[in-house]
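Below is one structure, written out as structure tokens, with a few remarks after it.
The values are calculated or read from the model by the stated rules, or taken from the named source; none is laboratory data. No experiment lies behind these values; they were computed from the predicted model shown. Don't worry about glycine lacking a Cβ; one is built from the backbone with ideal geometry, like all the others, and counts go over all protein chains shown.
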Amino acid sequence: MTERQWQIGIVGTFDVRNFGDLLFPLIAEAELRERLGAVKLHRFSYHAKTPPDWPYAVTSVADLPRVVADLDAMLIGGGFLIRFDKEVAPGYAPPNPSIPHPTGYWLTPALIALQRGIPVVWNAPGMHINDVPRWAHPLLRLALGLSSYVAVRDEPSRATLAQFVEDDRVTVVPDTAFGITRLLPAEPSDELKRLWRAAGITKPYVLVQAADSMSWFPRFVASGKRRFSGLQFVALPIGPVLGDHASNLPGFLALTTWPDPLLLAEFISHASAVVGHSYHLAITALTSGVPVFTWMDLSVGKFTALLEFETIYPLSAVRESGPDWFVSRVGKRKPLPAVETKLHLLANHWDRAVTAIRNGTDASTRAAIATFWQSLPLILEKQSAEGLA
């Protein structure tokens, strides 16, 4: 008997050069295959992409209405996905004006899947630092209420979304990128060794996010040149789509190409330290025992998930305390116990997601959608009367 191949969709911003966004489908595919067997993952974003120019095939959400009937389930996210502001990334917009922005790459795909009776799983996305506009309340209530499993990656996201569902259905789980080390080789790969040679890396290295906000760091390194003689500093563009470029860190080593996401994760995992504000740079480093130096406030939003890690340090202390303080904290170590806790929680998350996929949906989902469409004119009329349209 031929093994069934599950057809699973996943939506997000997988069409941009941003490290974290590109990881989610790779992790989801590995975790789903471990539990379901044969899986074909269909990645949906605004714009279509194809190898070899991209790490994997991406289908435009413009094609989703045509192909959705072939899917067994739809995953939403993860990442900073649940948002309503327009400034996602410079120049990033839908493929045609009939698709709303930015809800066109997360909310409308959920509704399209539910319309077809396909189970929807919220794969630990987040939504801090943005509000839900009044016009979206009924749509979000519908999408969350009919989804088979809803998980988000931080408490602020849960608190906001919980207003739109009943019975504490919104669960907080770690960002799925905490599971990235499960996809990495135990020893440096041949590809990583070639990357080291091409970049001129011959010593323990510190990766510095090549963002404009880090433009002061080369001066800091130059001020402690003798103390840093045993280290090499590498400019690392984590999010080229957001403006990261090696030119922001003059004098540092630079990569000759932007690596595929798994090679980039492996590169980070063998560093002696990482410096920058990227959340997924920090997660990848911490799960590999690599210390992190950041200026981000760990008491706010998604970064609250990093509070329990002792090897994440404030960049303000770097400036105040100098090179000796920095070097004393550099060096790859055994991952902290918090990593194992995150992995245990994520295993449970993927088990629940697969249970939801296997269970499917029943006729009540389509009936609930139809009932909503029936009442939609009244909802719009009420919002118009209240000046909210």
* Structure fact -> How many residues of region 146-175 are within 18 Å of ARG83 (Cα to Cα) and outside any loop (DSSP other than H, G, I, E, B)? The answer is 15
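Which residue out of VAL290, VAL318, VAL330 is out of contact with any Leu (no Cβ under 8 Å at 6 or more places or on another chain), surrounded by 17 or more Cβ atoms within 10 Å (Cβ to Cβ) and part of a loop (DSSP other than H, G, I, E, B)?
The match here is VAL290.
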* Structure fact -> Flagged pairs (Cβ under 9 angstrom, 6 or more apart or on separate chains; first in region 221-243, more than 29 Å from THR13 (Cβ to Cβ); second of a type in the set (Asp, Glu) and surrounded by fewer than 17 Cβ atoms within 10 Å (Cβ to Cβ)) are GLY224/ASP324; ARG227/ASP324
* Here are ALA159, ALA199, ALA177: which of them is among the small types (Gly, Ala, Ser), without any contact (Cβ under 8 Å) to a residue 60 or more places away in the chain and under 24 Å from ALA356 (Cα atoms)? -> ALA159
* Asked: Scanning region 241-258 for residues that are part of a helix (DSSP H, G or I) and modelled with pLDDT of 95 or more, which turns out surrounded by the fewest Cβ atoms within 10 Å (Cβ to Cβ)?
  -> SER247
* Selection count, region 111-158, where residues are touching a strand residue (DSSP E or B) at 6+ places or on another chain (Cβ under 7 Å) and surrounded by fewer than 17 Cβ atoms within 10 Å (Cβ to Cβ) -> 1
* Structure fact -> Counting only residues in region 349-369 that are modelled with pLDDT of 90 or more and surrounded by fewer than 13 Cβ atoms within 10 Å (Cβ to Cβ), the one farthest from GLU31 (Cα to Cα) is identified as ASN359
* Structure fact -> Within region 176-217, residues being in a helix (DSSP H, G or I) and aliphatic (A, V, I, L, M) number 8
* Structure fact -> Residue hits (region 90-107; touching a residue at least 24 places away in the same chain (Cβ under 8 Å), in a loop (DSSP other than H, G, I, E, B) and crowded, with 16+ Cβ neighbours inside 10 Å) are TYR92, PRO94, PRO95, ILE99, TRP106
* Structure fact -> Restricted to region 372-389 and to residues being farther than 15 Å from ALA136 by Cβ and modelled with pLDDT under 85, the residue surrounded by the fewest Cβ atoms within 10 Å (Cβ to Cβ) is GLY387
